[in-house]
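Peer 1: Got a structure for you, written out below as C-alpha coordinates; questions coming shortly.
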Amino acid sequence: MNAHAAHGAIDLGRAVILPGLVNAHTHLELSYLHERVPLAQQFGDWVRTVMETRREYPDPADARIVEPARTAIARARTAGTALLGEVSNTLVTVPLLAEAGMPAQVFHELTGFTEQDPEARVREARARADAYAADPLVGRPVMGRSGAIRISVAPHAPYSVSAALFRAIRADLDAHEQAVSSVHLGENPEEVELLFRGTGVIRAVLEDLGRWPSDWRPPGVGPVEYLSDLGVLDARMLAVHGVQFDGEDLTRLRALGVTLVSCPRSNRYVGVGDPPLEAFYAMNVDVAFGTDSLASVADLNLFAELAQARRIAPRVPARRLLESATLVGARALGFGDDFGSVEVGKSGALIAVPVPDGVSDVEEYLLSGVEPGDVIWLDSETPNSQSPTPNPR
Ligand SMILES: [Zn+2]
(Lines give C-alpha, C1' and ligand atoms only; values in the text may rest on other atoms or scores of the structure.)
Protein backbone atom coordinates (compact mmCIF):
# COMPACT_ATOMS: atom_id res chain seq x y z
CA MET A 1 0.00 0.00 0.00
CA ASN A 2 1.26 3.46 -0.85
CA ALA A 3 0.56 4.99 2.56
CA HIS A 4 1.91 8.46 1.90
CA ALA A 5 1.28 9.59 -1.64
CA ALA A 6 1.31 13.25 -2.51
CA HIS A 7 0.55 16.01 0.00
CA GLY A 8 -0.48 13.83 2.91
CA ALA A 9 -2.90 11.66 0.96
CA ILE A 10 -3.26 8.04 2.09
CA ASP A 11 -3.99 5.21 -0.29
CA LEU A 12 -5.98 2.70 1.76
CA GLY A 13 -6.63 0.45 -1.19
CA ARG A 14 -10.03 -1.21 -1.31
CA ALA A 15 -11.43 -0.09 2.05
CA VAL A 16 -14.53 1.40 3.61
CA ILE A 17 -14.22 4.52 5.76
CA LEU A 18 -16.72 4.86 8.57
CA PRO A 19 -17.14 6.76 11.83
CA GLY A 20 -15.54 5.16 14.87
CA LEU A 21 -18.06 2.90 16.60
CA VAL A 22 -20.02 3.78 19.72
CA ASN A 23 -20.16 1.17 22.47
CA ALA A 24 -23.05 2.51 24.52
CA HIS A 25 -22.81 0.09 27.44
CA THR A 26 -19.67 -1.13 29.22
CA HIS A 27 -18.53 -1.72 32.81
CA LEU A 28 -14.75 -1.41 32.49
CA GLU A 29 -14.22 -1.85 36.23
CA LEU A 30 -15.47 -5.45 35.82
CA SER A 31 -12.81 -6.28 33.21
CA TYR A 32 -10.90 -8.34 35.79
CA LEU A 33 -13.85 -10.77 35.87
CA HIS A 34 -13.06 -11.89 32.32
CA GLU A 35 -13.42 -15.69 32.14
CA ARG A 36 -14.11 -15.86 35.87
CA VAL A 37 -17.91 -15.96 35.70
CA PRO A 38 -19.24 -19.11 34.04
CA LEU A 39 -21.86 -19.15 31.32
CA ALA A 40 -25.18 -19.12 33.18
CA GLN A 41 -28.45 -20.93 32.66
CA GLN A 42 -30.20 -18.38 34.85
CA PHE A 43 -29.49 -14.72 35.58
CA GLY A 44 -29.53 -15.38 39.34
CA ASP A 45 -26.52 -17.73 39.03
CA TRP A 46 -24.53 -15.16 37.05
CA VAL A 47 -25.29 -12.27 39.37
CA ARG A 48 -24.46 -14.27 42.52
CA THR A 49 -21.02 -15.18 41.14
CA VAL A 50 -20.30 -11.57 40.14
CA MET A 51 -21.32 -10.25 43.57
CA GLU A 52 -19.31 -12.90 45.44
CA THR A 53 -16.17 -12.26 43.37
CA ARG A 54 -16.47 -8.48 43.69
CA ARG A 55 -16.57 -8.83 47.49
CA GLU A 56 -13.08 -10.38 47.30
CA TYR A 57 -11.79 -7.12 45.75
CA PRO A 58 -13.05 -4.39 48.08
CA ASP A 59 -10.45 -1.78 47.06
CA PRO A 60 -11.50 -0.15 43.76
CA ALA A 61 -7.93 1.09 43.21
CA ASP A 62 -6.59 -2.48 43.40
CA ALA A 63 -4.12 -2.92 40.52
CA ARG A 64 -5.83 -6.23 39.77
CA ILE A 65 -8.95 -4.19 38.88
CA VAL A 66 -7.25 -1.17 37.32
CA GLU A 67 -4.83 -2.91 34.96
CA PRO A 68 -7.43 -5.12 33.21
CA ALA A 69 -9.63 -2.02 32.79
CA ARG A 70 -6.75 -0.10 31.23
CA THR A 71 -6.09 -2.98 28.83
CA ALA A 72 -9.79 -3.23 27.96
CA ILE A 73 -9.90 0.44 26.94
CA ALA A 74 -6.87 0.00 24.67
CA ARG A 75 -8.41 -3.10 23.07
CA ALA A 76 -11.76 -1.39 22.53
CA ARG A 77 -9.94 1.40 20.76
CA THR A 78 -7.99 -1.05 18.61
CA ALA A 79 -11.30 -2.68 17.62
CA GLY A 80 -12.56 0.66 16.26
CA THR A 81 -14.47 2.12 19.22
CA ALA A 82 -14.46 5.94 19.35
CA LEU A 83 -16.87 6.56 22.22
CA LEU A 84 -18.07 4.67 25.28
CA GLY A 85 -21.14 4.67 27.48
CA GLU A 86 -19.37 3.50 30.62
CA VAL A 87 -21.13 2.44 33.82
CA SER A 88 -19.04 2.78 36.98
CA ASN A 89 -19.84 2.28 40.66
CA THR A 90 -16.45 3.54 41.83
CA LEU A 91 -15.37 5.99 39.07
CA VAL A 92 -11.98 4.28 39.08
CA THR A 93 -12.22 4.08 35.29
CA VAL A 94 -12.54 7.85 34.76
CA PRO A 95 -8.79 8.65 34.96
CA LEU A 96 -8.07 5.60 32.80
CA LEU A 97 -10.39 6.90 30.07
CA ALA A 98 -8.76 10.32 30.33
CA GLU A 99 -5.26 8.87 30.14
CA ALA A 100 -6.24 6.86 27.04
CA GLY A 101 -7.93 9.83 25.36
CA MET A 102 -11.13 7.78 25.08
CA PRO A 103 -14.25 9.99 24.98
CA ALA A 104 -17.01 8.67 27.21
CA GLN A 105 -20.27 9.34 28.92
CA VAL A 106 -19.63 7.83 32.36
CA PHE A 107 -22.68 6.78 34.34
CA HIS A 108 -21.87 6.88 38.05
CA GLU A 109 -24.18 4.07 39.02
CA LEU A 110 -25.98 3.76 42.34
CA THR A 111 -27.79 0.84 43.92
CA GLY A 112 -29.94 1.07 47.05
CA PHE A 113 -33.15 -0.73 47.77
CA THR A 114 -33.33 0.16 51.45
CA GLU A 115 -32.02 3.72 51.30
CA GLN A 116 -32.90 5.87 54.31
CA ASP A 117 -31.87 9.20 52.75
CA PRO A 118 -31.81 8.87 48.94
CA GLU A 119 -31.27 12.62 48.38
CA ALA A 120 -28.10 12.55 50.51
CA ARG A 121 -26.90 9.50 48.60
CA VAL A 122 -27.32 11.32 45.28
CA ARG A 123 -25.66 14.49 46.63
CA GLU A 124 -22.60 12.42 47.60
CA ALA A 125 -22.49 10.75 44.19
CA ARG A 126 -22.84 14.10 42.45
CA ALA A 127 -19.99 15.56 44.52
CA ARG A 128 -17.78 12.59 43.58
CA ALA A 129 -18.68 12.97 39.90
CA ASP A 130 -17.97 16.71 39.97
CA ALA A 131 -14.65 16.16 41.74
CA TYR A 132 -13.52 13.70 39.06
CA ALA A 133 -14.74 15.98 36.28
CA ALA A 134 -12.71 18.86 37.74
CA ASP A 135 -9.45 16.90 37.45
CA PRO A 136 -7.32 18.67 34.81
CA LEU A 137 -6.44 15.35 33.15
CA VAL A 138 -10.13 14.43 32.84
CA GLY A 139 -11.01 17.90 31.56
CA ARG A 140 -8.20 17.86 28.99
CA PRO A 141 -9.49 18.24 25.43
CA VAL A 142 -9.49 15.08 23.31
CA MET A 143 -9.15 15.55 19.55
CA GLY A 144 -9.34 19.27 20.18
CA ARG A 145 -12.70 19.01 21.93
CA SER A 146 -13.30 19.78 25.57
CA GLY A 147 -15.90 17.89 27.59
CA ALA A 148 -14.86 14.58 26.05
CA ILE A 149 -15.47 12.77 29.33
CA ARG A 150 -18.75 13.54 31.06
CA ILE A 151 -20.06 12.05 34.28
CA SER A 152 -23.69 11.71 35.36
CA VAL A 153 -25.44 9.86 38.18
CA ALA A 154 -27.36 6.73 37.14
CA PRO A 155 -29.65 4.12 38.69
CA HIS A 156 -28.70 0.44 38.32
CA ALA A 157 -32.06 -1.35 37.84
CA PRO A 158 -35.62 -1.54 39.20
CA TYR A 159 -34.69 -4.50 41.40
CA SER A 160 -31.74 -2.76 43.07
CA VAL A 161 -32.90 0.86 43.32
CA SER A 162 -35.86 1.99 45.41
CA ALA A 163 -38.58 4.24 43.97
CA ALA A 164 -37.35 7.09 46.20
CA LEU A 165 -33.76 6.70 44.98
CA PHE A 166 -34.98 6.63 41.37
CA ARG A 167 -36.77 9.94 41.94
CA ALA A 168 -33.72 11.50 43.60
CA ILE A 169 -31.46 10.46 40.70
CA ARG A 170 -33.99 11.80 38.21
CA ALA A 171 -34.06 15.13 40.10
CA ASP A 172 -30.27 15.33 39.77
CA LEU A 173 -30.54 14.64 36.04
CA ASP A 174 -33.19 17.35 35.67
CA ALA A 175 -30.87 19.79 37.44
CA HIS A 176 -28.18 19.16 34.79
CA GLU A 177 -29.74 20.13 31.49
CA GLN A 178 -27.34 18.47 29.05
CA ALA A 179 -26.76 15.28 31.04
CA VAL A 180 -27.94 11.81 30.10
CA SER A 181 -28.32 8.77 32.33
CA SER A 182 -28.84 5.05 31.92
CA VAL A 183 -30.71 2.18 33.57
CA HIS A 184 -30.70 -1.61 33.13
CA LEU A 185 -34.26 -2.48 32.20
CA GLY A 186 -36.09 -5.65 31.27
CA GLU A 187 -32.93 -7.73 31.15
CA ASN A 188 -34.19 -10.85 32.90
CA PRO A 189 -37.50 -12.57 33.63
CA GLU A 190 -36.68 -12.50 37.35
CA GLU A 191 -36.95 -8.68 37.30
CA VAL A 192 -40.38 -8.89 35.69
CA GLU A 193 -41.52 -11.46 38.24
CA LEU A 194 -40.34 -9.29 41.12
CA LEU A 195 -42.16 -6.21 39.85
CA PHE A 196 -45.40 -8.04 39.13
CA ARG A 197 -45.53 -10.39 42.12
CA GLY A 198 -42.72 -9.56 44.53
CA THR A 199 -41.34 -13.10 44.38
CA GLY A 200 -38.45 -15.02 42.83
CA VAL A 201 -34.68 -15.32 42.71
CA ILE A 202 -33.88 -11.59 42.98
CA ARG A 203 -35.88 -11.35 46.19
CA ALA A 204 -33.98 -14.39 47.51
CA VAL A 205 -30.62 -12.77 46.66
CA LEU A 206 -31.63 -9.51 48.37
CA GLU A 207 -32.89 -11.40 51.42
CA ASP A 208 -29.59 -13.31 51.64
CA LEU A 209 -27.76 -9.98 51.57
CA GLY A 210 -30.04 -8.52 54.23
CA ARG A 211 -31.14 -5.84 51.76
CA TRP A 212 -34.79 -6.79 51.37
CA PRO A 213 -37.11 -4.06 52.68
CA SER A 214 -39.83 -5.86 54.65
CA ASP A 215 -42.45 -3.23 53.75
CA TRP A 216 -41.79 -3.36 49.98
CA ARG A 217 -44.84 -3.99 47.80
CA PRO A 218 -44.56 -4.89 44.11
CA PRO A 219 -45.91 -2.17 41.78
CA GLY A 220 -47.80 -4.88 39.88
CA VAL A 221 -46.70 -3.64 36.45
CA GLY A 222 -43.81 -4.36 34.08
CA PRO A 223 -40.44 -2.53 34.15
CA VAL A 224 -41.25 0.08 31.49
CA GLU A 225 -44.62 1.04 32.96
CA TYR A 226 -43.12 1.14 36.45
CA LEU A 227 -40.29 3.58 35.57
CA SER A 228 -42.54 5.55 33.24
CA ASP A 229 -45.01 6.04 36.11
CA LEU A 230 -42.12 7.17 38.34
CA GLY A 231 -41.27 9.85 35.76
CA VAL A 232 -37.81 8.42 35.18
CA LEU A 233 -37.97 7.58 31.47
CA ASP A 234 -37.43 9.97 28.58
CA ALA A 235 -34.89 10.67 25.82
CA ARG A 236 -32.24 11.44 28.45
CA MET A 237 -32.50 8.01 30.10
CA LEU A 238 -31.03 5.13 28.10
CA ALA A 239 -32.72 1.78 28.73
CA VAL A 240 -30.25 -1.09 28.53
CA HIS A 241 -31.20 -4.64 27.42
CA GLY A 242 -35.02 -4.85 27.01
CA VAL A 243 -34.88 -8.60 26.40
CA GLN A 244 -38.23 -9.03 28.16
CA PHE A 245 -40.08 -6.19 26.39
CA ASP A 246 -43.33 -6.76 24.53
CA GLY A 247 -45.09 -4.62 21.93
CA GLU A 248 -46.74 -2.45 24.55
CA ASP A 249 -43.38 -1.72 26.23
CA LEU A 250 -41.83 -0.81 22.88
CA THR A 251 -44.74 1.48 21.96
CA ARG A 252 -44.30 3.26 25.28
CA LEU A 253 -40.53 3.63 24.85
CA ARG A 254 -40.98 4.94 21.32
CA ALA A 255 -43.46 7.55 22.57
CA LEU A 256 -41.10 8.59 25.39
CA GLY A 257 -38.15 8.87 22.99
CA VAL A 258 -36.05 6.39 24.99
CA THR A 259 -33.06 4.79 23.24
CA LEU A 260 -32.75 1.07 23.87
CA VAL A 261 -29.18 -0.20 24.23
CA SER A 262 -28.97 -3.83 23.20
CA CYS A 263 -26.14 -6.17 24.29
CA PRO A 264 -27.11 -9.46 22.62
CA ARG A 265 -23.93 -11.45 23.37
CA SER A 266 -24.13 -10.63 27.08
CA ASN A 267 -27.85 -11.47 27.18
CA ARG A 268 -27.18 -14.97 25.97
CA TYR A 269 -24.21 -15.43 28.33
CA VAL A 270 -26.11 -14.47 31.49
CA GLY A 271 -28.94 -16.84 30.62
CA VAL A 272 -31.74 -14.43 29.72
CA GLY A 273 -32.03 -15.39 26.04
CA ASP A 274 -31.98 -13.22 22.92
CA PRO A 275 -33.47 -9.70 22.71
CA PRO A 276 -36.41 -9.27 20.27
CA LEU A 277 -34.23 -7.11 18.03
CA GLU A 278 -36.44 -7.34 14.95
CA ALA A 279 -39.37 -6.08 17.04
CA PHE A 280 -37.25 -3.18 18.35
CA TYR A 281 -36.63 -2.05 14.77
CA ALA A 282 -40.12 -2.87 13.50
CA MET A 283 -41.56 -0.66 16.25
CA ASN A 284 -39.14 2.13 15.29
CA VAL A 285 -37.55 2.36 18.71
CA ASP A 286 -34.09 3.96 18.61
CA VAL A 287 -31.60 1.13 19.14
CA ALA A 288 -27.93 1.48 20.11
CA PHE A 289 -25.49 -1.33 20.86
CA GLY A 290 -23.21 -2.12 23.77
CA THR A 291 -20.99 -5.02 24.67
CA ASP A 292 -21.67 -4.98 28.42
CA SER A 293 -18.70 -6.04 30.58
CA LEU A 294 -16.02 -8.68 30.22
CA ALA A 295 -17.84 -10.54 33.01
CA SER A 296 -20.42 -11.58 30.39
CA VAL A 297 -18.75 -11.20 27.00
CA ALA A 298 -15.53 -12.41 25.37
CA ASP A 299 -14.29 -8.99 24.22
CA LEU A 300 -15.33 -5.34 23.86
CA ASN A 301 -15.29 -5.50 20.05
CA LEU A 302 -18.51 -3.84 18.88
CA PHE A 303 -18.10 -5.41 15.45
CA ALA A 304 -18.54 -8.79 17.17
CA GLU A 305 -21.71 -7.45 18.81
CA LEU A 306 -22.97 -6.38 15.38
CA ALA A 307 -22.28 -9.87 14.03
CA GLN A 308 -24.40 -11.36 16.81
CA ALA A 309 -27.15 -8.78 16.15
CA ARG A 310 -27.12 -9.79 12.49
CA ARG A 311 -27.53 -13.49 13.46
CA ILE A 312 -30.49 -12.68 15.71
CA ALA A 313 -32.10 -10.16 13.35
CA PRO A 314 -31.48 -11.29 9.77
CA ARG A 315 -34.27 -9.15 8.33
CA VAL A 316 -33.18 -5.78 9.72
CA PRO A 317 -31.46 -3.75 6.97
CA ALA A 318 -27.67 -3.72 7.45
CA ARG A 319 -27.58 0.06 7.33
CA ARG A 320 -29.91 0.33 10.31
CA LEU A 321 -27.69 -1.93 12.41
CA LEU A 322 -24.64 0.14 11.41
CA GLU A 323 -26.48 3.35 12.22
CA SER A 324 -27.26 1.92 15.67
CA ALA A 325 -23.57 1.21 16.28
CA THR A 326 -22.60 4.75 15.30
CA LEU A 327 -25.01 7.69 15.04
CA VAL A 328 -27.84 6.43 17.26
CA GLY A 329 -25.40 5.59 20.05
CA ALA A 330 -23.57 8.91 19.72
CA ARG A 331 -26.81 10.89 19.89
CA ALA A 332 -28.16 8.90 22.83
CA LEU A 333 -24.96 9.57 24.79
CA GLY A 334 -25.21 13.28 24.03
CA PHE A 335 -22.22 13.26 21.64
CA GLY A 336 -24.15 13.49 18.37
CA ASP A 337 -22.51 16.78 17.41
CA ASP A 338 -19.05 15.20 17.40
CA PHE A 339 -19.38 11.49 16.70
CA GLY A 340 -21.37 8.88 14.80
CA SER A 341 -21.21 10.08 11.19
CA VAL A 342 -18.77 11.32 8.59
CA GLU A 343 -19.60 15.01 8.45
CA VAL A 344 -17.77 18.29 8.20
CA GLY A 345 -17.52 19.84 11.66
CA LYS A 346 -17.42 16.55 13.57
CA SER A 347 -14.37 15.34 15.46
CA GLY A 348 -13.01 13.18 12.64
CA ALA A 349 -12.81 9.98 14.69
CA LEU A 350 -12.81 7.84 11.55
CA ILE A 351 -11.75 4.28 10.89
CA ALA A 352 -11.12 2.30 7.74
CA VAL A 353 -11.79 -1.39 7.21
CA PRO A 354 -10.21 -3.10 4.19
CA VAL A 355 -12.79 -4.88 2.04
CA PRO A 356 -11.62 -8.13 0.44
CA ASP A 357 -11.88 -8.59 -3.31
CA GLY A 358 -15.13 -10.20 -4.29
CA VAL A 359 -17.17 -8.54 -1.51
CA SER A 360 -19.94 -6.53 -3.16
CA ASP A 361 -22.20 -5.74 -0.18
CA VAL A 362 -19.95 -3.61 1.99
CA GLU A 363 -22.59 -2.92 4.68
CA GLU A 364 -23.25 -6.63 5.10
CA TYR A 365 -19.50 -7.29 5.23
CA LEU A 366 -19.21 -4.93 8.21
CA LEU A 367 -21.70 -7.14 10.06
CA SER A 368 -19.79 -10.34 9.38
CA GLY A 369 -17.39 -10.09 12.33
CA VAL A 370 -14.65 -7.53 11.62
CA GLU A 371 -11.57 -8.31 13.72
CA PRO A 372 -9.46 -5.66 15.51
CA GLY A 373 -6.57 -6.42 13.15
CA ASP A 374 -8.77 -5.26 10.25
CA VAL A 375 -9.36 -1.79 11.72
CA ILE A 376 -7.21 1.19 10.72
CA TRP A 377 -7.62 4.46 12.62
CA LEU A 378 -7.47 7.58 10.49
CA ASP A 379 -7.10 10.19 13.24
CA SER A 380 -3.73 11.50 14.31
CA GLU A 381 -4.09 10.90 18.06
CA THR A 382 -4.48 7.15 18.05
CA PRO A 383 -1.38 4.97 18.18
CA ASN A 384 -1.09 2.70 15.12
CA SER A 385 -3.26 5.09 13.11
CA GLN A 386 -2.65 6.03 9.50
CA SER A 387 -2.14 9.75 9.55
CA PRO A 388 -1.39 12.14 6.74
CA THR A 389 2.13 13.53 7.32
CA PRO A 390 2.97 16.27 6.95
CA ASN A 391 -0.34 17.84 7.76
CA PRO A 392 -1.72 19.19 4.46
CA ARG A 393 -2.77 22.45 6.10
ZN1 LIG B 1 -24.69 -3.55 32.40
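The values are calculated or read from the model by the stated rules, or taken from the named source; none is laboratory data. On a predicted model such as this, the values are computed, not experimentally measured, just so you know. Neighbour counts run over all protein chains shown; Cβ positions are idealised from the backbone, glycine included. Side chains included, ligands, DNA and RNA excluded: accessible areas come from the protein's heavy atoms. Shrake-Rupley method; radii C 1.70, N 1.55, O 1.52, S 1.80 Å.
Peer 1: Label residue 360 and residue 279 with points 7 Å out from Cα along Cα→Cβ: what is the distance between them in nm?
Peer 2: If labels sit at residue 360 and residue 279, their model points lie 3.6 nm apart.
Peer 1: Computing the accessible area with a 1.4 Å probe over protein heavy atoms, can you report the carbon and sulfur percentage for the chain? Let's see the in-between values first.
Peer 2: Working: 8240 of 16430 Å².
Heavy-atom surface of the chain belonging to carbon and sulfur, 1.4 Å probe: 50 percent.
Peer 1: Now for a separate question. Applying 1/(1 + (r/R0)^6) with R0 = 30 Å to the Cβ-Cβ distance of residue 56 and residue 119, what FRET efficiency is obtained, to the nearest 0.05? Don't skip to the end; give the middle numbers.
Peer 2: Working: r = 32 Å, r/R0 = 1.07.
Calculated transfer efficiency: 0.40.
Peer 1: Additional query: At 0.36 nm per residue, and after removing the present C-alpha to C-alpha distance, how many nm does the segment from residue 254 to residue 11 gain when stretched out fully? Show your work: numbers first, answer last.
Peer 2: On the way: separation 243, 0.36 × 243 = 87.48 nm, distance 4.28 nm.
Full extension of this stretch gives 83.2 nm more.
Peer 1: Helix 118-133: angle to the longest alpha-carbon principal axis of the chain, degrees 0 to 90, nearest 10?
Peer 2: Long axis of 118-133 versus the principal axis of the chain: about 20 degrees.
Peer 1: Follow-up. Roughly how tilted is helix 163-174, in degrees to the nearest 10 and between 0 and 90, from the longest Cα axis of the chain?
Peer 2: The helix 163-174 is inclined about 40 degrees to the chain.
Peer 1: Tell me the per residue accessible area of the chain using a 1.4 Å probe; a whole number in Å² is fine.
Peer 2: 42 Å²
Peer 1: Quick check: Cα centre of the stretch 111-141 to Cα centre of the stretch 1-64, how many Å?
Peer 2: So the two Cα centres are separated by 24 Å.
Peer 1: Can you tell me how the stretch 25-165 classifies by the Cα gyration tensor, rounded, prolate or oblate, using a/c under 1.5 as the rounded cut?
Peer 2: Numbers: a/c = 1.94, a/b = 1.17, b/c = 1.66.
Oblate.
Peer 1: Quick one: ranking 7, 241, 34 by accessible area, 1.4 Å probe, largest first, what do you get? If you can, show how the numbers build up before the last one.
Peer 2: Numbers: 7 170, 241 0, 34 70 Å².
If we order 7, 241, 34 from most to least accessible, we get 7, 34, 241.
Peer 1: Taking the 0 to 90 degree range and rounding to the nearest ten, how far is the long axis of helix 247-256 tilted relative to the main principal axis of the chain, both from C-alpha atoms?
Peer 2: That helix lies at roughly 70 degrees to the long axis.
Peer 1: Work through the residues other than residue 308 whose Cβ is under 10 Å from its Cβ and net out their charges, Lys, Arg +1 and Asp, Glu -1.
Peer 2: Numbers: positive: 265, 268, 310, 311; negative: 274, 305.
Neighbourhood net charge equals +2.
Peer 1: Label points 7 Å out from Cα along the Cβ direction at residue 134 and residue 217: separation in nm?
Peer 2: 4.4 nm
Peer 1: Can I ask one more? Indicate, rounded to the nearest 5 percent, the antiparallel portion of the DSSP beta bridges found entirely in the chain.
Peer 2: On the way: 8 of 35 bridges.
If I count the DSSP bridges inside the chain, around 25 percent turn out antiparallel.
Peer 1: May I pose another question? Per DSSP H run of at least 4 residues, take -39500 (n - 2.57); add these up for the chain, divide by its residues and hand me the 222 nm value, nearest 500 deg cm²/dmol.
Peer 2: Working: 16 runs with 139 residues, N = 393.
-10000 deg cm²/dmol, from helical runs alone.
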